[in-house]
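Asker: What follows is a single structure, and I will ask about it in a moment.
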Protein chains: 2
Amino acid sequence: MSFPADDLVPTNPLADPLLADLYEFTMAYAWWRNGKAERAAVADLHFRRNPFGGEFTVFAGLAEAVRFLSGYRFSAAHIERLRTLLPAATDPRFFDWLGSCSLEQVRVRALREGRLSFPRVPLLIVEGPVAQVQLLETALLTLVNYPTLVATAAARLRLAAGPDRRLLEFGLRRAPGVDGGISASRYAYIGGFDATSDVKAADLFPALPVAGTHAHAFVQSYLNLGEADLAGFVAVDGHPFDLKEAALSYRAQLDALHTHDGELAAFLAYAAAYPMAFLALVDTYDTMKSGLPNFLAVALALCQAGYTPLGIRLDSGDLAYLSRQARAAFEEASARFSVPFDHLSIVASNDLDEATLLALNVQGHQIDTFGIGTRLVMPGEALGAVYKLMEVDGHPRIKVSGDSAKISIPGRKNAYRLYVSGGGGAPPTPVVDLMTLADEEPPEPGRPVLCRHPFDETKRVLVTPSVVEDLYDVVWDGAAQREAIRPLEQVRADVLEQLAHFRQDHLRAVNATPYKVSVSARLYDFVHELLASEVPIAEIR
Amino acid sequence: MSFPADDLVPTNPLADPLLADLYEFTMAYAWWRNGKAERAAVADLHFRRNPFGGEFTVFAGLAEAVRFLSGYRFSAAHIERLRTLLPAATDPRFFDWLGSCSLEQVRVRALREGRLSFPRVPLLIVEGPVAQVQLLETALLTLVNYPTLVATAAARLRLAAGPDRRLLEFGLRRAPGVDGGISASRYAYIGGFDATSDVKAADLFPALPVAGTHAHAFVQSYLNLGEADLAGFVAVDGHPFDLKEAALSYRAQLDALHTHDGELAAFLAYAAAYPMAFLALVDTYDTMKSGLPNFLAVALALCQAGYTPLGIRLDSGDLAYLSRQARAAFEEASARFSVPFDHLSIVASNDLDEATLLALNVQGHQIDTFGIGTRLVMPGEALGAVYKLMEVDGHPRIKVSGDSAKISIPGRKNAYRLYVSGGGGAPPTPVVDLMTLADEEPPEPGRPVLCRHPFDETKRVLVTPSVVEDLYDVVWDGAAQREAIRPLEQVRADVLEQLAHFRQDHLRAVNATPYKVSVSARLYDFVHELLASEVPIAEIR
């Protein structure tokens, strides 16, 4: 399999080697100045806490990170710009070194995009000359933090909505900037959404389905019935059909003469434009008194002309109540007019989030599609992944902290996901992620392996896995590796498959059970010997 | 004044006419299909609630919005892509119309970028053919929402820090994507920050100062003193100078023999690379027992070589306590070694936000520079600006809502900021923003004008302004108008000037006094007549 060429270019051309904090360059210079730029280093990109108070995270952003690495070289213009930004004391020969900098000696291992991931287990492991490894820090974090956050938010919404509802991403207008919006659409899809309203995202990622019909503005723009000019409208059979007359007749039969005429005109105009895709926003004036009857009048007229309307969108009010009322009205119309309105779609939007979805489920509703925007693209918290030096010239490095949750697991590592037999033909269940030193033998199916909590000596568990999954692929080895860039549909299917097969108590919206993240016996000893030697003993005098 | 050509191209090339929700295109098609695409329309872009529980908002994103308009045309590739994304029933002649679509008949008025702004007062007013006005909705919202949110967060942080502290933006790694990071840097500067760590932002916006020194990784990468290779280091006078020997001697004099040798090596290496810009991160192992004494040893050695060190950065622990301890140590060293350490800088970072700054102020600290990242670039809430149709063919339009805060002010409007004399030579103070119908005479200095709350009939105030500021400039009139794109420094100065001259109770961090937003007597009557005619009377049976 070869890549399409454009798979190896960053989606956003602004993602170039200058996408970095200034200190990456001043550090690179200081290493270079002291003859240390080429020291062998290993850095891990990991996070410390699952977002949204949950116990899982969906890793995303890898394909874009690999595209970034593929395009990583300093142009003459970059070098000129850096000359003006770095302190005047910078030795000019450093810029020659930068200009010759390639990622040929860099190797990156990574979790597959879309895998569920957990605190402390690296998402990416970057190895190579220390200055180059460091220069990649900011960009890799930027390319992973927000995508992973959005994919996780989307997966949580998918769990809240259940597997059968449709989820539409409507967030572009509230998104944090142009590619914030574009990447929110892409990573919401990965996390389990069905479609996006974002045309630019669909332009860039043809796998993304797009959705959308009309806004309040369309309804407001029609002042009266005279403005619905339906000239040329034909029924399915190709014959001219007076859609307006039919709708007016149905409106009379529905005893709904006081609906808003401008709204009816707008619905007619929209239906005439898209007779096979008529989905009406019904809350511009009053959902029950105007929007819903006007929709029914036009939908019945469309049926008479041989078309099948799609449904309505609710954007305000009590969505549970209104959806039940609408469903009842559809069923009544089905029975009274012998039309297939039982399966009309009810789309709901209006600042929806996970908590609202869960509350609507409890209350009972008839919504089959949720449109979710702001709360998905601006999730209210950050992931906070970090990129830490783990080894230099073969020596493990540790960053000490008063808070053991902030202590990273040092050294060059491997990691495995251990599964136990599901029983009764069920697929194996993941039970623990195990980190080992890179030179340890991997665990084997059927052989017990001791898994230790990295900091709590009392927490030890002997696991006999039925399946052992090596968590990392080499995604960059001086050049992009094809495993890195998986098609969006494949990543999405992987996410949904994991959501189905992880123990549901790990995925619960509230008070979920933490998934076990552990270290091998050797790595445990290694961590604690290092802590003892590197952490100064505090003194109280 | 003419524009540099690149001022008229979007910073992010992904900001093209496909940056839109699908429904903008389906609505445009439905209008076109019904012969209504060219109807004259007016839309307002406004927000309903100030962010962060505050009572003011800093408008930002205008320059980028005008760049977007300047580049707005459908390429053949865009059209081809839209053919595949719109429903199959779309009349192919619509795509010819789209291809010929220009913004020649569109006119946009806007608040100047950087102006303080308030709920309901439009930030942008877009006039033109309805389909074109609607097609701009999503992109304009995307280009305004996040920039305005970040500029407002930055201005609040500037107020919390006070005018004299330095504020550095460190958020790129936690930012919502590539241009989320870039625009956060730009709009944080506009809102009153002093510099950013983001090299790409400084590359794109040369006015942005950049800052940064080194991370923990640099310290961790040095294992022992032997690794500090300072060959070729010279004092200010050009003579060779043994920086390491001098630092070891000072370390002994400071009675700090148990500091971490690797950390000392790293500080020496960094100081040798940038002797005129030595600022050390001191918390890798232990701030008080290792980082601070190691810093002092190297800083004293640098002084001996004729250089002036810059200071330290604290990234963990109790920043108030540590900064006071560090300041005391600097003063002691000043006195003991006769060095100018009184003015060393103390930079603090570590998940800082507005509440932490305010708490540090109360506790008392010696920090002179704050580095702020995550909480600025991922502010935890969205602005939620909306874009609403206000007039069609001269008819005012209103979107009704059960919540009067969500009812927008209909019609084509002007808006003015009224100032009253400050007294005692003080500059005039803004007291109210007044919206009027577009055909009303503007208020005049010295003449009383009745300002009414748009929905509360009891709230009326007679204002005799000393200064009347017309809030809107024409920023687009078939082409970009030069007033729209103000240099960043000018916008930033404008923000800081307003923060100084608005009544401070409007700007207070907590429980601020709302700034008055009102309508003229004519606009009040107009709104309420329209509400009476458009809102159905609810019935309870």
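Asker: Direction-averaged shadow area of the convex hull around the Cα atoms of the stretch A:263-345, nm²?
Answerer: If I average the Cα hull's projected area over directions, I get 4.7 nm².
Asker: Let me ask something else. Which distances, in nm and shortest first, link the B:A252 label point to the same label point in every other copy, taking 7 Å along Cα→Cβ?
Answerer: The projected label point of B:A252 is separated from its counterparts by 10.9 nm.
Asker: Additional query: Between 0 and 90 degrees, rounded to the nearest ten: what's the tilt of helix A:76-85 against the longest Cα principal axis of chain A?
Answerer: 70 degrees
Asker: For the stretch B:366-383 and the stretch B:46-87, compute the distance between their C-alpha centroids and round to whole Å.
Answerer: Result: 25 Å between the Cα centres.
Asker: When Lys and Arg each count +1 and Asp and Glu each count -1, what net charge do the other residues less than 13 Å away from A:L296, Cβ to Cβ, add up to?
Answerer: 0
Asker: Next question, about the same structure. Based on Cβ point charges of +1 for Lys and Arg and -1 for Asp and Glu, what charge dipole magnitude is obtained for chain B about its Cα centre, in debye rounded to the nearest 20?
Answerer: For chain B, the charge dipole is close to 1180 debye.
Asker: Enumerate the calculated ³J(HN,Hα) couplings along the stretch A:216-221 in order (Karplus 6.51 cos²θ - 1.76 cosθ + 1.60, θ = phi - 60°), each rounded to whole Hz, writing x wherever the residue is Gly or Pro.
Answerer: Values, residue by residue: 4, 4, 5, 5, 5, 6 Hz.
Asker: Now, a different point. Looking at the square roots a ≥ b ≥ c of the eigenvalues of the Cα gyration tensor of chain A, which shape do they give, rounded for a/c under 1.5, prolate if a/b is larger than b/c, or oblate?
Answerer: The shape class here is prolate.
Asker: Against the globular-protein guess of 2.2 N^0.38 Å, express the Cα radius of gyration of the stretch A:414-541 as a ratio, rounded to two decimals.
Answerer: That ratio works out to 1.30.
Asker: Using protein chains only and a probe of 1.4 angstrom, how many square angstrom of B:H214 are accessible, to the nearest 10?
Answerer: 0 Å²
Asker: At a Förster distance of 56 Å, what's the computed FRET efficiency of A:S404 paired with A:L257, Cβ-Cβ distance as r, to 0.05?
Answerer: Step by step, r from the Cβ atoms, then E = 0.20.
Asker: Moving on to the next point. What does the charge count near A:A247 come to, summing +1 for each Lys or Arg and -1 for each Asp or Glu among other residues with Cβ under 12 Å from its Cβ?
Answerer: Around A:A247, the surrounding residues sum to -2.
Asker: Give me the lysines in straight-line cross-link reach of A:K36: C-alpha distance below 25 Å, same-chain residues under 8 apart excluded.
Answerer: Cα-Cα hits under 25 Å: A:K388, A:K399, A:K413, B:K244.
Asker: Which of the three applies to the stretch B:389-436, rounded, prolate or oblate, going by the alpha-carbon gyration tensor with a ≥ b ≥ c and a/c under 1.5 meaning rounded?
Answerer: It comes out oblate by the Cα gyration axes.
Asker: With the radius of gyration and the Kirkwood radius both derived from the Cα set of the stretch B:426-498, what is their ratio Rg to Rh?
Answerer: 1.04
Asker: Between A:R482 and A:D91, what is the spin-label point distance in nm, taking each point 7 Å from the Cα along the Cα→C-beta axis?
Answerer: Rounded to a tenth, the inter-label distance reads 4.4 nm.
Asker: To the nearest 10 degrees, how steep is helix A:488-501 against the longest Cα principal axis of chain A, on a 0 to 90 scale?
Answerer: 90 degrees
Asker: Could you tally the net charge around A:V468, taking each other residue with its Cβ under 12 Å from the Cβ of A:V468, Lys/Arg +1 and Asp/Glu -1?
Answerer: Summing Lys and Arg as +1 and Asp and Glu as -1 gives -3.
Asker: Determine the per residue accessible area of chain B with all protein chains present and a 1.4 angstrom probe, expressed in square angstrom.
Answerer: Here the residues of chain B average 35 Å² of exposed surface.
Asker: Right, here's the next one. Give me the accessible area buried between chains A and B, both sides summed, with a 1.4 Å probe, in Å² rounded to the nearest 100.
Answerer: Chains A and B together bury roughly 9500 Å² of accessible area.
Asker: Right, next: Please get the size of the charge dipole for the stretch A:205-272, origin at its Cα centre, with Cβ charges of +1 on Lys and Arg and -1 on Asp and Glu, quoted in debye to the nearest 20.
Answerer: 180 debye
Asker: Note the distances from A:Q105 to each other copy's matching label point, with points 7 Å along the Cα-to-beta-carbon direction, in nm, sorted shortest first.
Answerer: Here A:Q105 shows inter-copy label distances of 6.4 nm.
Asker: Could you give the distance between the Cα centres of the stretch B:109-126 and the stretch A:158-229, to the whole Å?
Answerer: First find each Cα centre; the distance between them is then 26 Å.
Asker: Then there is this: For chain B, find the longest principal axis of its Cα atoms and tell me its angle to the long axis of helix B:261-273, 0 to 90°, nearest 10.
Answerer: Between the helix axis and the principal axis of chain B, the angle is about 70 degrees.
Asker: Where does the Debye-calculated log10 I(q)/I(0) of the stretch B:348-401 sit at q = 0.13, 0.22, 0.26 Å⁻¹, using only Cα point scatterers of equal weight, no solvent?
Answerer: -0.55, -0.90, -1.05
Asker: Per the helix-only calculation at 222 nm, which mean residue ellipticity applies to the protein assembly as shown, given -39500 (n - 2.57) for every DSSP H run of n ≥ 4 and division by its residues, nearest 500 deg cm²/dmol?
Answerer: -11000 deg cm²/dmol
Asker: Follow-up question, since we're still on this one. In nm, what does the list of distances from B:D456 to its counterparts in the other copies look like, shortest first, when each label sits 7 Å along Cα to Cβ?
Answerer: Copy-to-copy label distances for B:D456: 5.2 nm.
Asker: I'd like to know which of B:L140, B:V178, B:C101 lies farthest towards the positive end of the charge dipole of the stretch B:88-188, counting +1 on Cβ of Lys and Arg and -1 on Cβ of Asp and Glu.
Answerer: Projecting each Cα onto the dipole axis, the largest value belongs to B:V178.
Asker: Another question, then. Determine, from the Cβ-Cβ distance of B:H343 and A:D505 and an R0 of 56 Å, the FRET efficiency 1/(1 + (r/R0)^6), rounded to the nearest 0.05.
Answerer: 0.45
Asker: Summarise the partner chain shielding of A:190-201 as one whole number: the mean count of Cβ atoms from other chains within 10 Å of each residue's Cβ.
Answerer: Counting Cβ atoms of other protein chains within 10 Å of each residue's Cβ and averaging gives 4.
Asker: Could you tell me which trypsin sites (Lys or Arg not before Pro) in the stretch A:414-490 are loop residues by DSSP with no more than 15 other beta carbons within 10 angstrom of their beta carbon?
Answerer: Counting only loop positions with at most 15 other Cβ atoms within 10 Å, the trypsin sites (Lys or Arg not before Pro) in the stretch A:414-490 are A:K459.
Asker: Taking the Cα centroid of the stretch A:424-493 and of the stretch B:469-539, what is the distance between the two, rounded to the nearest whole Å?
Answerer: Their Cα centres are 56 Å away from one another.
Asker: Roughly to the nearest percent, how much of the accessible area of the protein assembly as shown is carbon and sulfur, given a 1.4 Å probe?
Answerer: 52 percent
Asker: Turning to a different aspect of this structure: Suppose we compare each residue of the stretch B:169-183 in its chain alone and in the full protein complex with a 1.4 Å probe; which ones drop by at least 30 Å² of accessible area?
Answerer: Flagged in the stretch B:169-183: B:L172, B:R173, B:R174, B:P176, B:G177, B:V178, B:D179.
Asker: To the nearest 20 Debye, how big is the dipole of the stretch A:414-521 about its Cα centre, given +1 on the beta carbon of each Lys and Arg and -1 on that of each Asp and Glu?
Answerer: With Lys and Arg at +1 and Asp and Glu at -1, about 480 debye.
The values are calculated or read from the model by the stated rules, or taken from the named source; none is laboratory data. Predicted model only: the values in this text are computed from it and were never measured. Positions of Cβ are backbone-derived with ideal geometry, glycine not excepted, and every protein chain shown enters the neighbour counts. These area figures cover heavy atoms from the full protein model, side chains too; ligands, DNA and RNA do not enter into them. Shrake-Rupley method; radii C 1.70, N 1.55, O 1.52, S 1.80 Å.
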